[in-house]
Amino acid sequence: MELPRRKAMGLFAAGAATVALGGSATAATGSGAFVIRDARVFDGERVLPHASVLVADGRIRAVGEVLAAGVPVHDGRGRTLLPGLIDCHVHLNETARADALRFGVTTELDMFGDPSGLAEARRQRRGHARTGQADLWSAGFGVTVPDGHPRGPGFPRLTPGADPDAFVGERVAEGSDFIKLVIEDGSPEHPFPTLTPAQARAVVQAAHRRGRLAVAHAEQLHNTRIAVDAGADALVHVWTDTEATPEFAAALRAAGTVVVPTLSVYDCGASADSLLADPRITPYLSAPQRESLTKRSTRCRPSFLRNALANVRRLHAEGVPVLAGTDATMPGAAHGPSMLTEIAHLVTAGLTPAQALAAATSVPAKHFALSDRGRLARGLRADLLLVEGDPTTDITALREIHTIWKNGYPVERMPV
């Protein structure tokens, strides 16, 4: 539960900081405490033009005016401190979570993947130990049909006549944090099977009975309508085949549906090229990141990004919550750096820089119930990103990373 805010934007006096540290400089030093002093602070929701943040034992202990003797101090002057970023749509590879962390992405939501590592991921995200990986939530294996999207062997599929409730129950038993349903029927030239509207409704209902969100893959408007009619809580792509009508945008808002547009995979490699040409980015790229950024989809069309941006603009204007996600490791999208371009795309689509930053921090934390992160507030996890300049006015300042902390520990940025 969120702590009550004080009248002066949650500022804490020096005495409060001393209490948080156990009342002595010795205790503070022993607890791994430090202060980031005199920074511009984006707390996930609003900007504090001049504030300090006190961290101890992997948590934020105070935000505002902090005086703490005997602890290390990091100079925040001319810099902006933000919560660690949350990528709301990824697919894992071997280095994904380490690659993400080096670019300030401290949490990833996997939207279709092997569930075998989810028990360990759950243990990590509950603790505050030093780690070189982003925390992970996952859908595990998504719900799709034989010969449907995604193609290939190696995971269970909902066969004709099978019980969707039992199928979802098996995914929850494997550790899925939310349930993903895939509604994708290909193209008129190359159609393939997908979930029926009745199956989609049954999957969503089965997820809700088990206290899980239901998130839907749909990239065409007719499939998006099926997902919304089925009651999906989130769309993890925005449709790209046509522009939204005002009526449909209003229907999404009324339904409480949130949208993860994944704009970076619809720009035909433009954002990837900008990352590969940026000396603020390239020294920190691993070989898998470079490979992802170099690949290009043969399906991409200029109309995809044009329609996607128009749809995000309309949805945002209507009040539909928009969340940042990259679809890494699809061609042109890499874990970590592609979040920086995804957030910039949201600004192009009409969000202010502060709203786009919220779409990568507090907004996903709210809608995916990530209660210990996404904001800079007392008691929350010390996943922090310090950048040069002011991304709340110039979103490209996100590329000028100064320091990243995960669970209160500094992150080594050079790839292994």
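Brief remarks on what is shown
- Residue check for Val41: within 20 Å of the chain's Cα centre (by Cα), farther than 25 Å from Pro288 by Cβ and of a type in the set (A, V, I, L, M): yes
- Where helices (runs of 4 or more DSSP H) fall entirely within region 231-331, those with at least 3 residues that are of a type in the set (D, E, K, R) are at 302-318.
One line per residue, one yes/no per condition, for (1) touching a strand residue (DSSP E or B) at 6+ places or on another chain (Cβ under 9 Å); (2) closer than 27 Å to Ser264 by Cβ; (3) modelled with pLDDT of 95 or more:
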residue	(1), (2), (3)
Arg151	no, yes, no
Pro164	yes, no, yes
Gly175	yes, no, yes
Gln199	yes, no, yes
Leu213	yes, yes, yes
Leu221	no, yes, yes
Ile226	yes, yes, yes
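- Whichever residue in region 276-303 is closer than 28 Å to Val363 by Cβ and more than 22 Å from the chain's Cα centre (by Cα) and, among such residues, is surrounded by the fewest Cβ atoms within 10 Å (Cβ to Cβ): Ser303
- Inclusion of Gly32 among residues that are outside any strand (DSSP E or B), crowded, with 17+ Cβ neighbours inside 10 Å and modelled with pLDDT of 95 or more is not warranted.
- Residue, surrounded by the fewest Cβ atoms within 10 Å (Cβ to Cβ), within region 372-406, restricted to residues that are in a loop (DSSP other than H, G, I, E, B), charged (D, E, K, R) and in contact (Cβ under 8 Å) with a residue 12 or more places away in the chain: Asp394
- Pair list, Cβ under 9 Å, 6 or more apart: region 239-250 residue more than 11 Å from Leu221 (Cα to Cα), other residue of a type in the set (D, E, K, R) and modelled with pLDDT of 95 or more: Pro246/Arg314; Pro246/Glu318; Ala249/Arg314; Ala249/Glu318; Ala250/Glu318
- Condition met for Thr262 (surrounded by fewer than 20 Cβ atoms within 10 Å (Cβ to Cβ) and modelled with pLDDT of 95 or more): no
- Taken as a whole, the condition of being surrounded by 13 or more Cβ atoms within 10 Å (Cβ to Cβ), over 30 Å from Gly408 (Cβ atoms) and aromatic (Phe, Trp, Tyr) does not apply to Phe178.
- Ala207 fulfils the conditions (1) crowded, with 18+ Cβ neighbours inside 10 Å; (2) at pLDDT below 95; (3) not β-branched (Val, Ile, Thr) except for a single criterion, (2).
- Of the residues making up region 178-204, those that are within 18 Å of Thr257 (Cα to Cα) and touching a residue at least 40 places away in the same chain (Cβ under 8 Å) are Phe178, Ile179, Lys180, Leu181, Val182, Ile183, Val203.
The values are calculated or read from the model by the stated rules, or taken from the named source; none is laboratory data. Fair warning: this is a prediction, and the values are worked out from it, not measured in the lab. Reconstructed Cβ throughout: ideal geometry from the backbone, glycine too, with neighbour counts over all protein chains shown.
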